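Report on the following structure.
The values are calculated or read from the model by the stated rules, or taken from the named source; none is laboratory data. Since this is a predicted model, take the numbers as computed values, not measurements. Neighbour counts run over all protein chains shown; Cβ positions are idealised from the backbone, glycine included.
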Amino acid sequence: MHIGIIQIKNKKIYIDKKENEIISYYYKERKKQNLSIQTLAILLKKYFFNRKNEVYLYNQDGYKVYKDKETGHKHFYKNNRQDYKKFFKENGISAIMYASSSKKDIYIACALIVAGQAIMYISDFIPDKLNEQLENNSQDQDSEKEIDFIEENNTLVAIDTDYIINSIRNSPYLTTTAKKRLINTEFFQKLSNIPVTEDRMMSLSEKLTDIEIKEFEEDQEQENSRREKKDLARIIGYYNALTPNIIYVDTLDNWDTINHEFIHLLQDDNQYYYIREAFAELLCEEYYGYPVDSYQPQVTRIKVLREIIGEQPIWELNFSGSTKSFENILKDYLSTEEATELLELFQTPPSSYTNSQQEQINSQIDELLSQLYYNMYNRPIESNTTINQIYDEYSFGMWIPIEPDVEDYNTIDSSKEVIGTNKYIKRLNNTENEMMISDSIKQKVYKK
């Protein structure tokens, strides 16, 4: 497992711990290149801990609190030294990793930090040696040369469909049934049409090596208890970039969730949580045959977005390793303020917000999608029949899943294009259905 991943533009840097030493590296022409701890610290300071951008806010609980004018992050100092653990805890978008406290070298929290063109997945473990380097102001020419390379863009390559299929088949940790349920040739062929960065290809290679599905441990149930007290939905599955080849679920027969998390494994680990969650659920329906049963409001907005800008930019955002094409479309057709607001809303992880908070976020997204549509087509979004139907389907109906027969999966040929069947019934709006929708919201569970 990794203790951290930093992505600067299209280049990923991996941070591992080995025998109490911190090791960092990146890939150059598909070969691992070690990165000095000094260079790693310089990059962190450049993108995440630039004291020149910080302005003093106030004193709080013994800390002097500063705010970065560019990133908006808060920084906490005691005795003129920054508390990095508190920084990650207070600024992280989502805690996505949980592990048993009895297991050494596995860290309880993992936060996503976004700073302009850089993003970072980091555990709450910051080694002392890295602390020392972060406090050190020295810099050398070799470090500058490494940084110049790291900040360059990647060459684009193609994903081989057979490579994904063989990776699944060759995993010693997957049962025959699991392999059949995960392999979907039609979906993988679609992925092969998305140009990806070389760095993304190396990341995908790590994800696909010896794929494993694990049940939750006791600590996850404790986390769910904490979430319920905060009026947040229970988590029934999650994928964590720091354990790249492992899917975590509540039970090993929860195939709807397993397929959802498998799509997360294939996705790029970028900062657009909202889109990644909704698109994973949508693809789970369209390719694996499971009706949308969580993130339904978010899926609705992504369907609308797909109608407005087309599907290619959304596929590229999720799988190419680059967010630029998608971001440029919004920047081209919205004002700077509107584009920034919509991109920030798409970074919100739905599972970290209550139902009422999600409703507010979705309402803001609706307004901006309406403006985007008008700017692109010079007519109101209400004039689009397909988009009206998408909203109506969510507002006035409800999909009730019917579980596919297990026998279908056990006997199906893994070379077939679609694994699973798309069985569901549509319930029209009525009083009974409104009650069912209300109950489903109260009892909602999330894949993550």
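Residue-by-condition table, conditions (1) modelled with pLDDT of 80 or more; (2) among the β-branched types (Val, Ile, Thr); (3) within 19 Å of the chain's Cα centre (by Cα):
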| residue | (1), (2), (3) |
| --- | --- |
| 83 | yes, no, no |
| 86 | yes, no, no |
| 89 | no, no, yes |
| 95 | no, no, yes |
| 101 | no, no, no |
| 108 | no, yes, yes |
| 114 | no, yes, yes |
| 118 | yes, no, yes |
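Before we move on, is residue 238 buried (at least 19 other Cβ atoms within 10 Å of the Cβ), over 21 Å from residue 208 (Cβ atoms) and in contact with a Ser or Thr (Cβ under 9 Å, 6 or more places away or on another chain)? Against the criterion (buried (at least 19 other Cβ atoms within 10 Å of the Cβ), over 21 Å from residue 208 (Cβ atoms) and in contact with a Ser or Thr (Cβ under 9 Å, 6 or more places away or on another chain)), residue 238 does not qualify. Pairs are defined by a Cβ separation below 9 Å, a sequence spacing of at least 6 or placement on different chains, a first member in the stretch 38-56 that is within 11 Å of residue 69 (Cα to Cα), and a second member that is of a type in the set (Phe, Trp, Tyr) and surrounded by 14 or more Cβ atoms within 10 Å (Cβ to Cβ); the pairs so defined are 51/66; 54/66; 55/66; 56/66.
Considering the stretch 309-355, the residues that are in contact (Cβ under 8 Å) with a residue 40 or more places away in the chain and among the β-branched types (Val, Ile, Thr) include one that is farthest from residue 367 (Cα to Cα), namely 323.
Looking at the stretch 301-324, which of the residues that are touching a helix residue (DSSP H, G or I) at 6+ places or on another chain (Cβ under 6 Å) and of a type in the set (Asp, Glu) is surrounded by the most Cβ atoms within 10 Å (Cβ to Cβ)? Per the stated criteria, the residue is 316.
If the condition is being of a type outside the set (S, T, N, Q) and either farther than 21 Å from residue 123 by Cβ or surrounded by fewer than 16 Cβ atoms within 10 Å (Cβ to Cβ) (or both), then the stretch 1-22 contributes 9, 16, 18, 19, 21. For residues in the stretch 160-187 being in contact with a Lys or Arg (Cβ under 7 Å, 6 or more places away or on another chain) and among the charged types (D, E, K, R), which is nearest to residue 260 (Cα to Cα)? Among them, the one singled out is 179.
A quick yes/no check of all residues on (1) assigned to a strand (DSSP E or B); (2) closer than 24 Å to residue 362 by Cβ; (3) assigned by TED's automatic domain parsing to the domain that holds residue 190; (4) not hydrophobic (A, V, I, L, M, F, W, C):
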position	(1), (2), (3), (4)
247	yes, no, yes, no
251	no, no, yes, yes
258	no, no, yes, no
261	no, yes, yes, yes
265	no, no, yes, no
268	no, yes, yes, yes
271	no, yes, yes, yes
275	no, yes, yes, no
283	no, yes, yes, no
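With respect to the conditions (1) under 22 Å from residue 183 (Cβ atoms); (2) in a helix (DSSP H, G or I), residue 291 lacks only one, and its number is (2). If I go through the stretch 278-294 residue by residue, how many of them are touching a strand residue (DSSP E or B) at 6+ places or on another chain (Cβ under 8 Å) and closer than 17 Å to residue 314 by Cα? Residues meeting the conditions: 2. Once the stretch 326-351 is narrowed to residues that are part of a loop (DSSP other than H, G, I, E, B) and within 20 Å of the chain's Cα centre (by Cα), the residue that is modelled with the highest pLDDT is 346. Taken together, the residues in the stretch 159-209 that are acidic (Asp, Glu) and in a loop (DSSP other than H, G, I, E, B) amount to 1. Note on the stretch 371-390: residues that are part of a loop (DSSP other than H, G, I, E, B), exposed (fewer than 13 other Cβ atoms within 10 Å of the Cβ) and at negative phi amount to 2.
Annotation: of all residues in the stretch 221-243 being in contact with a strand residue (DSSP E or B) (Cβ under 7 Å, 6 or more places away or on another chain) and part of a loop (DSSP other than H, G, I, E, B), the one that is modelled with the lowest pLDDT is 233.
Residues that are modelled with pLDDT under 85 number at least 2 in the following strands (runs of 3 or more DSSP E) confined to the stretch 10-73: 11-18, 21-28.
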